[in-house]
1. Can you give the helix-only mean residue ellipticity at 222 nm for the chain, where every DSSP H stretch with n ≥ 4 adds -39500 (n - 2.57) and the sum goes over all residues, rounded to the nearest 500 deg cm²/dmol?
2. Using the alpha-carbon atoms, what tilt in degrees (0 to 90, nearest 10) does helix 67-79 show relative to the longest principal axis of the chain?
3. Counting only the backbone N, which residues of region 133-159 are under 16 Å from the spot 7 Å out from the Cα of residue 107 toward its beta-carbon?
4. Taking 0.36 nm per residue of separation and subtracting the Cα-Cα distance, what length does fully extending residue 28 through residue 82 add?
5. Which residue, 42, 145, 116, tops the fluctuation ranking in a GNM of the chain built on C-alpha contacts under 10 Å?
6. So what is log10(I(q)/I(0)) for region 67-155 at q = 0.18, 0.23 1/Å, when the Debye sum runs over its Cα atoms only?
7. Two decimals is fine: what's Rg over Rh for the chain, C-alpha atoms, Kirkwood radius as Rh?
8. Report, to the nearest 10°, how far helix 30-52 tilts away from the longest principal axis of the Cα atoms in the chain, using its own Cα long axis and a range of 0 to 90°.
Ligand code: HEC
């Protein structure tokens, strides 16, 4: 529908918007949208900042070990401790504790445990990054490490 022209020469639009000077003007939504986006960016940054420093510590009880478990403990100290903490207790910024209810035998069976420690896995359950494959580990060492971690889990009340 064509608007009738404004005939009163005293009452012309102040700008070239074509609107009557008394017509209500709406503020642009852009500045509010930008402000909301800025707030979102700040909140996201803060929440990710917190995640980066995550480290989880467990209290581990190491029981009396047989020979295989003892050599597993030594392999663990050499190849796993840097990321999973002394005896799997965590407290490292590079990996989770393995003495953790999530990894108890009936939930996380030995064959999965052995596959992960041999081949590694992508970041999934935590925010520590990926777990690398363990280079140069023998099948015997894999069995021994697994036996050691299971013994420590059970002695720590996780079974
Ligand atoms: C460079 C650091 C690093 C080393 C070394 C390392 N891990 Fe890991 N491991 C990780 C990270 C990080 C994760 C968590 C991955 C995720 O987000 O699910 C992990 C996860 C695991 C998991 C659980 C996987 C799951 O499904 O949640 C097991 C079991 C494990 N590691 C065993 C070992 C053993 C045993 C060794 C030594 C032979 C070892 N890791 C060496 C970093 C490491």
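1. It lands at -13500 deg cm²/dmol.
2. Here the helix axis deviates by roughly 40 degrees.
3. Only 150, 153-159 pass the distance filter.
4. Fully extending the segment from residue 28 to residue 82 adds 13.9 nm.
5. 42
6. Log10 I(q)/I(0), no solvent term: -0.73, -1.30.
7. 1.56
8. Approximately 10 degrees, to the nearest ten.
All of the numbers you see were taken from the coordinates with simple rules; none came from a lab. Small disclaimer: the values here were computed from a predicted structure and weren't measured. Ideal geometry is used to build each Cβ from the backbone, glycine not excepted, and the neighbour counts take in all protein chains shown.
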